[in-house]
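The values are calculated or read from the model by the stated rules, or taken from the named source; none is laboratory data. As the structure is a computational prediction, the values presented were derived from the model and not from experiment. Using ideal geometry, Cβ is built from the backbone for each residue, glycine included, and neighbour counts are taken over all protein chains shown.
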Amino acid sequence: MKKSDKKKRSLLGALPAVPYVVWMVLFIAIPLGMVAFFALTDPQGQFTLENIARGGEHMSVLLRSIKLATIATILCIIIAYPLAYILSRKQGFQKQTLFVMVMLPMWMNFLLRTFAWMTILENNGLINKFLGLFGIGPLQMINTQGAVILGMVYNYIPFMILPLYTTMCKIGNDVIEAAQDLGANPFQVFMKTIFPLSMPGVMSGIVMVFMPTVSTFAIAELLTMNNIKLFGTTVQENINNGMWNYGAALSLIMLLLIGVTALFTNEDDSAQNESGGVI
């Protein structure tokens, strides 16, 4: 075959990838490049690292965001894991119905779901009215870190359930039965078979929950009336006040944090895939 024919075939084979390349350039590469440009320049367009260095001024806010996002992610795992497992073991109409019920919050607007929790948690909200029937309260639930964590868990738990459910559906009953035939008790079956095989879903869920929760600002803004600031709130305030360069620098710090998180979870996922589940 001639070299020219090989080149034509390779070019034709690459054509389907062109839309994806264009999409990545327009919506990923260019926006990230603009963030990096503004972060590393001053308002006059001169190169500077001052914006990055000033990021340390908000270290306490960043640590608070990481703490709340970590707690929310752990709670999502604790709640989502048994739900995903039960869902994956169901069959037919029952399985479809439960899946729709679990995913139903995702069909509603993000802000509407958060507004709903405002009316539930406020001092004269539904929970405090119910507790008042027993002479309890009112309890201070709104404007607290607990309210922020609750909002994070409620809004992002479907992103933990989905990858876990998808992974657990691939764990056949024959694998579990084989472990039982080899003399494993229920705890051993879980620890040595189900849990190792579900780790790809756990890692994917951690990334899908931790990344948006550590950078969110809407939840804290609505449930605490901006009394508890997160790192995403700080970025938003600087950009709204016209401090584009400093806001971009804070965004770049957040991007680096998210990138490191994704890198470590992917490495753990790869290592787990290599080891697999062993009885």
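Here are the numbers:
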quantity	calculated
Qualifying residues in the range 41-76 (those that are touching a Ser or Thr at 6+ places or on another chain (Cβ under 9 Å) and not in a helix (DSSP H, G or I)) - the one nearest to Met208 (Cα to Cα)	Thr41
Qualifying residue in the range 224-244 (condition: of a type in the set (Gly, Ala, Ser) and either closer than 30 Å to Phe47 by Cβ or touching a Pro at 6+ places or on another chain (Cβ under 9 Å) (or both))	yes
Cross-chain or 6+ apart pairs with Cβ under 8 Å, the range 178-203 first and on the phi < 0 side of the Ramachandran plot, then surrounded by fewer than 18 Cβ atoms within 10 Å (Cβ to Cβ) and of a type in the set (Lys, Arg)	Ala179/Lys192; Ala184/Lys192; Leu197/Lys170
Residue match in the range 237-246 (condition: within 24 Å of Met118 (Cα to Cα) and surrounded by fewer than 23 Cβ atoms within 10 Å (Cβ to Cβ))	yes
Set Ala179, Ala184: member being part of a loop (DSSP other than H, G, I, E, B) and surrounded by 16 or more Cβ atoms within 10 Å (Cβ to Cβ)	Ala184
In the range 113-138, the residues that are in contact with a helix residue (DSSP H, G or I) (Cβ under 6 Å, 6 or more places away or on another chain), in contact (Cβ under 8 Å) with a residue 12 or more places away in the chain and not in a helix (DSSP H, G or I)	Gly125, Pro138
Hits in the range 77-112 - residues which are part of a helix (DSSP H, G or I), touching a helix residue (DSSP H, G or I) at 6+ places or on another chain (Cβ under 9 Å) and not hydrophobic (A, V, I, L, M, F, W, C)	Tyr81, Tyr85, Ser88, Arg89, Lys95, Pro105
Qualifying positions in the range 23-49 - more than 23 Å from the chain's Cα centre (by Cα) and surrounded by fewer than 13 Cβ atoms within 10 Å (Cβ to Cβ)	Val25, Leu26, Ile30, Gly33, Met34, Pro43, Gln44, Gly45, Gln46, Phe47, Leu49
Scan of the range 216-232 for residues that are within 17 Å of the chain's Cα centre (by Cα) and surrounded by 19 or more Cβ atoms within 10 Å (Cβ to Cβ), ordered by number	Thr216, Ile219, Ala220, Leu230, Phe231, Gly232
Asn227 vs. criteria touching a helix residue (DSSP H, G or I) at 6+ places or on another chain (Cβ under 9 Å), part of a loop (DSSP other than H, G, I, E, B) and at pLDDT 80 or above	yes
Of the criteria (1) loosely packed, with under 14 Cβ neighbours inside 10 Å; (2) over 30 Å from Met243 (Cβ atoms); (3) in contact (Cβ under 8 Å) with a residue 40 or more places away in the chain, which one Arg54 fails	(2)
Evaluation of Ile78 against (1) surrounded by 13 or more Cβ atoms within 10 Å (Cβ to Cβ); (2) at pLDDT 85 or above (one fails), failing number	(1)
Extreme residue, farthest from Ala72 (Cα to Cα), among residues of the range 187-215 that are crowded, with 22+ Cβ neighbours inside 10 Å and small (Gly, Ala, Ser)	Ser198
